[in-house]
Amino acid sequence: MAGGFHKLERIVSLEVTYKTHGYVSVHTGLGDSVHDNLVIREGGEDSRPIIPGSSIKGVVRSLVESILAQAGKQICVPFPCSPTERRAGRIEHIPIAPRLTPCDWRNAQPCHACQLFGNTQQRSRVTFHDAKTILSAEEVTTLTRRHVAIDREKGTQFGGALMAVEAVPGDELEFVSLVTLINPDPWMVGAVRETLPLLRHAGVGARKSRGYGDLIVTPGAVKFVLHPANDLRTEAVYQEECIQRWQAERATVTLGSPERSVSTSGS
Ligand SMILES: [Zn+2]
């Protein structure tokens, strides 16, 4: 059944810490046409900065897709993750392999990315909660720099407009969040835990070329929120198995395998 979990068997969670390294730019939604900041002030200038879970999920999904595509998995391009965004440089270090058109629920098995992160017809197995600081808005000191706005599509100046960029200082600001997976396949838990630290290398934190810093991401240990009573594995053993399964997924080329029989209609 698309969208639902008819049986709730397992919920796992992990705490994730994001620490600024160097000055990390903050998106305030004011006069900033470049939406590549992970850190935002949700409620405007005077609010506490957060890292929205949806942004983290977007970057983790892009990375997992790229890794799986490189391993020969057939991965679709979901509608919200357009090539425009990819061209814009979110993924700097991992080349993009050819992709399928978006998965359709009428196909027997959606692609790995849609299984884990969902699509318009299928619920995501993973939830990234907003990452928050323990500091109040006043305790977070920032600085503002001005840049000429750049049109990222054309690579040219954006009408010569000056853009204010707010940045939070590095090496002292820590954000904490929770990631939850519902009824995950073990490789999914491994994928999330192993991919989060790569955010640092994916152009996240943004504007590195302009001397800004990035975020050091540290996932904590996998915890059981709910697990099958007949499963006697400890959390540590389960986590290790999940990581091994993910490493197998990312290493094995399974193009054409019946298990991955996502339709490549027209080819
Ligand atoms: Zn898909």
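The values are calculated or read from the model by the stated rules, or taken from the named source; none is laboratory data. Bear in mind the structure is a predicted one, so any value in this text is a computation, not a measurement. FYI the Cβ positions are ideal-geometry reconstructions off the backbone, even for glycines, and counts take in every protein chain you see.
Inspection of the range 88-101 finds no residue satisfying the criterion of being of a type outside the set (A, V, I, L, M, F, W, C), more than 16 Å from the ligand (Cβ to nearest atom) and modelled with pLDDT of 60 or more. If you take the residues in the range 116-126 that are closer than 12 Å to Ala191 by Cα and within 10 Å of the ligand (Cβ to nearest atom), which one is surrounded by the most Cβ atoms within 10 Å (Cβ to Cβ)? If we take residues in the range 116-126 being closer than 12 Å to Ala191 by Cα and within 10 Å of the ligand (Cβ to nearest atom), then Phe117 is surrounded by the most Cβ atoms within 10 Å (Cβ to Cβ). For the range 201-221, state whether one or more residues are loosely packed, with under 14 Cβ neighbours inside 10 Å, in contact with an Asp or Glu (Cβ under 8 Å, 6 or more places away or on another chain) and modelled with pLDDT of 95 or more. Yes.
Within the range 59-79, the set of residues being under 19 Å from His129 (Cβ atoms) and either among the β-branched types (Val, Ile, Thr) or at pLDDT below 85 (or both) comprises Val59, Val60, Val64.
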